[in-house]
Every structure is written in C-alpha cells, then in structure tokens.
Amino acid sequence: MNFSFEVKKSAGARRARLTTPHGVVETPAFLPVGTAASVKALTQEALEELGAEIILANTYHLYLRPGHELIRNLGGLHRFMAWPRAILTDSGGYQVFSLSELRKVTDQGVRFRSHLDGSEHLLTPEKAAEVQLALGSDIAMVLDECIETPAPRDAAEAAVKRTTEWARRARKYFLDCASRNGDLAQWQFGIVQGATFANLRRESARQLLELDFPGYAVGGLAVGEPHAITCEMTAEVTALLPPERPRYLMGVGRPEQLADYVSLGIDMMDCVLPTRAARHACLYTSEGRVLIRNARYAQDQRPVDPACSCTVCRRYSRAYLRHLFAAGEITAAILATHHNVHFYLDIMRQIREAIEFGNLAKFSSAMHARYAAGPS
Ligand SMILES: [Zn+2]
C-alpha cells in the first residue's frame with residue numbers, strides 16, 4: 001500500500017507528511033474544493049502552479065453527473081480530470097442532506113431525489129463506498145448522518161448512533177472488497193459526529209476508533225455555531241484520536257481561523273470559501289478582506305494584495321479587477337479565484353513554517369488582528 005502518514009513535529013499543532021499513490025501532501029494542508037471534478041474557475045494547470053497537492057471532489061455531484069461508472073470506465077477520476085495529484089472524495093451525504101429534495105433517512109440509508117432531474121436514488125453506506133472506489137480517490141469518506149443545527153440532544157444522539165452503524169457497514173464493505181481484490185489504493189476515513197455536545201463527540205470518536213480507520217474526520221461543525229464552540233468540539237475529538245493517524249476537519253474555514261484548527265491538532269481542512277467568495281468579488285489578503293466591487297478601488301492601481309506573490313497580484317491592478325467584475329467578465333472569477341486559492345495555500349505554507357519554528361501562536365494572533373481590523 002502506497003500510503004503513509006509521518007508526523008515530523010507534534011506539540012498540539014502537527015507538522016506531518018501524508019504519502020498517497022498520487023504524491024506527497026505536506027500537512028497541515030488545505031484542500032481546494034473541486035465539486036464536479038473542477039475547482040471552479042481554475043484549470044488543473046493553474047492548481048499545479050499554485051502548489052495544491054490535494055483537492056476535494058464531491059461524490060454526490062459526480063455520482064449524478066457524469067456517473068461513477070462512466071468515470072471508472074474512463075480510468076478513474078485522476079485520469080478523467082487530468083489531475084495527477086491526490087484527491088479526497090466526500091461520501092455524498094452532506095450534499096444529499098443540503099441539496100437534494102424529498103430525502104428520507106432510514107437505517108438502510110438516505111433516499112433522495114436528484115436536484116438535477118428529480119430522479120430517485122438510494123445512498124447507503126455501501127453505495128457511498130462503492131461509488132468512491134469507482135472514482136478511485138486516494139481518500140474516501142464514510143457516509144454519515146448530517147443533521148440540522150442547532151440540534152436537540154436526542155436528535156444528535158440518534159445521529160451518532162446511526163453514523164457509527166453506517167461507518168461499521170462502510171468499513172466492512174471496504175475491507176471485503178480489499179480481501180477480494182487486493183490493494184484498493186484508497187484510504188477510508190471515519191467521521192466523528194455529535195453536534196455541539198462534548199460527551200457525544202467523545203462517544204462518537206470512541207466508537208469509530210474501534211473500527212480502526214487509517215484516518216479520522218471531524219464533521220458537522222462550522223455550520224453556524226460560534227467559532228469558540230467549533231474549536232471546543234474539535235479539541236474534544238482530537239484529544240482522543242491516535243496521534244499517528246491524520247485528522248481532517250471538514251468544511252472549514254475563514255483565513256484567520258485555519259491556524260486555530262491546526263493548533264488543535266488538525267492536519268487537513270477544506271472549504272468552498274476561497275473559491276466561492278472570489279466569484280462574489282471578495283478577495284482575501286494579508287490585510288483583511290477586499291471587497292473589490294467597492295467604488296474606492298475604481299482608480300486604485302495597487303495589486304489586490306501588495307504582499308502577495310501570486311501571478312494576479314504581480315500583474316493586475318485593483319482597478320482592473322473591479323472593472324472586470326463590473327463588466328461581468330469571466331476573467332474576473334478566474335483572477336479572483338487564482339488569488340484567493342494562492343492566499344489560502346500560502347497561509348498553509350506559513351503555518352507549516354511556523355510549526356517548525358515554534359511560533360504558530362504568534363502567527364495566529366497576527367492573522368486575527370489583521371482580520372478584525374476589516375478591509376483596507
Ligand atoms: Zn495575489
């Protein structure tokens with residue numbers, strides 16, 4: 001198996017190296033989100049140039065269109081999308097719960113209607129594992145039950161119970177496939193749930209640890225609760241997870257929060273924020289957010305972020321970017337996304353360096369101070 005996770009430095013925050021069949025991922029790492037096998041507005045060439053070592057793709061979207069069978073027939077997701085580096089796929093559960101219509105959750109799985117054409121589907125733990133094996137992602141996630149927040153305690157407790165049972169079935173399906181077919185060239189991660197209840201989070205983690213996943217994710221957080229609660233719940237979980245295995249906090253976060261999660265022992269994070277915000281003319285910079293549509297940038301000849309070394313900041317002015325957004329030019333999304341993804345990946349480079357030099361807390365408080373000050 002071409003997988004390993006080597007922790008090089010660990011003092012709360014961890015500096016590690018994740019080796020996959022599609023290359024090495026230096027961690028802590030941020031995963032740009034490539035929903036439908038595409039990080040919106042970026043080519044794979046651009047992602048490589050930006051230094052992305054791993055991206056996330058959404059199982060729900062690829063299962064519905066173009067279909068996992070087609071992707072398997074074309075040689076798997078890496079070949080299909082011409083991305084040679086690592087890919088993590090989610091289970092599809094989160095999108096089923098947030099996008100699809102008429103979903104019905106039973107112990108068997110989630111029955112839902114496609115948001116594309118209304119067709120009916122059943123996503124089970126086994127099916128989610130099967131689809132991700134067909135896609136051939138390096139890291140696959142088990143199906144978990146996502147509940148609406150804030151959740152009452154009994155609903156959160158029931159979701160933890162179901163999540164564990166589904167994880168058991170997904171693990172069994174995966175290991176049965178592996179014993180039939182040999183090395184599957186994929187790592188399957190469990191997902192800890194438990195909403196904002198510390199004891200449920202701990203219980204969920206303990207139950208999943210028994211299933212012996214090679215890595216663990218923390219799910220169902222950063223969905224509207226205060227940042228302090230997100231951190232508190234994350235800390236409850238990471239305290240119980242085995243130090244030699246990777247930890248992935250799903251769906252975070254804002255630029256100034258990334259170091260907070262890393263300091264709690266998180267190795268991987270993903271979020272649509274840098275790409276989605278870019279398309280809405282919100283640029284993240286070393287001095288805070290720049291809302292580039294603002295009239296004050298109409299004649300501003302400075303780059304988006306004078307401290308940024310990305311190809312956009314080296315070449316284009318704020319005035320030009322503002323004009324592109326005002327004119328509805330496609331290039332606006334391309335340039336803004338390029339900068340924002342560069343900014344996020346650069347934060348991660350700085351975080352990794354700060355861990356090595358032992359000054360992550362200083363880096364983190366400086367980021368928070370800059371972002372508290374608001375846009376320049
Ligand atoms: Zn830039």
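Arg289 falls short on exactly one of the conditions (1) touching a residue at least 24 places away in the same chain (Cβ under 8 Å); (2) more than 14 Å from the ligand (Cβ to nearest atom); (3) out of contact with any helix residue (DSSP H, G or I) (no Cβ under 7 Å at 6 or more places or on another chain), and that condition is (2). Taking residues in the stretch 41-59 that are farther than 14 Å from Met348 by Cβ, and partners anywhere that are acidic (Asp, Glu), the pairs with Cβ atoms closer than 9 Å and at least 6 places apart or on different chains are Leu56/Asp90; Leu56/Asp270; Ala57/Asp90; Asn58/Asp90; Thr59/Asp90.
Elements of the type helices (runs of 4 or more DSSP H) sitting completely within the stretch 129-241 and holding at least 3 residues that are of a type in the set (Phe, Trp, Tyr) and under 30 Å from Ile71 (Cα atoms): these cover 153-181.
Only one of Met348, Met269 is part of a strand (DSSP E or B) and of a type outside the set (D, E, K, R). Can you tell me which? Answer to the selection: Met269.
Select from the stretch 342-361 the residues that are of a type in the set (D, E, K, R) and within 16 Å of the ligand (Cβ to nearest atom) and write down the one among them that is most open to solvent (accessible area, probe 1.4 Å).
That would be Arg349.
Among the residues of the stretch 366-376, none qualifies, meaning not one is in a strand (DSSP E or B) and open to solvent by 20 Å² or more (accessible area, probe 1.4 Å).
Evaluated against (1) within 16 Å of the ligand (Cβ to nearest atom); (2) under 21 Å from the mean Cα position of the chain (by Cα); (3) in contact (Cβ under 8 Å) with a residue 40 or more places away in the chain, Ser364 falls short on exactly one condition, (1). Among residues of the stretch 308-322 that are free of Cβ contacts under 8 Å to residues at least 24 places away in the same chain, those with a beta-carbon under 9 Å from a residue that is more than 11 Å from the ligand (Cβ to nearest atom) and small (Gly, Ala, Ser) at least six positions away or on a different chain give the pairs Ala319/Ala298. For Ala159, the criteria (1) touching a strand residue (DSSP E or B) at 6+ places or on another chain (Cβ under 8 Å); (2) touching a residue at least 12 places away in the same chain (Cβ under 8 Å) hold in every case but one, which is (1). Inspection of the stretch 73-91 finds no residue satisfying the criterion of being on the phi > 0 side of the Ramachandran plot and in a strand (DSSP E or B). Can you tell me which condition Arg17 does not meet? The list is (1) open to solvent by 70 Å² or more (accessible area, probe 1.4 Å); (2) assigned to a helix (DSSP H, G or I), and all the others hold. The failed condition is (2).
Within the span defined as the stretch 299-319, every residue fails to be within 23 Å of Lys40 (Cα to Cα), open to solvent by less than 20 Å² (accessible area, probe 1.4 Å), of a type in the set (S, T, N, Q) and within 15 Å of the ligand (Cβ to nearest atom). Assessment of the stretch 33-40 against the conditions (small (Gly, Ala, Ser) and part of a helix (DSSP H, G or I)) yields no matching residue.
The values are calculated or read from the model by the stated rules, or taken from the named source; none is laboratory data. It should be emphasised that the depicted structure is a prediction, and the values quoted were computed from it without experimental measurement. Glycine also receives a Cβ, built like all others from the backbone with ideal geometry; neighbour counts cover every protein chain displayed. Each accessible area value is taken on the protein alone, full model and side chains, heavy atoms only, with ligands, DNA and RNA left out. Shrake-Rupley method; radii C 1.70, N 1.55, O 1.52, S 1.80 Å.
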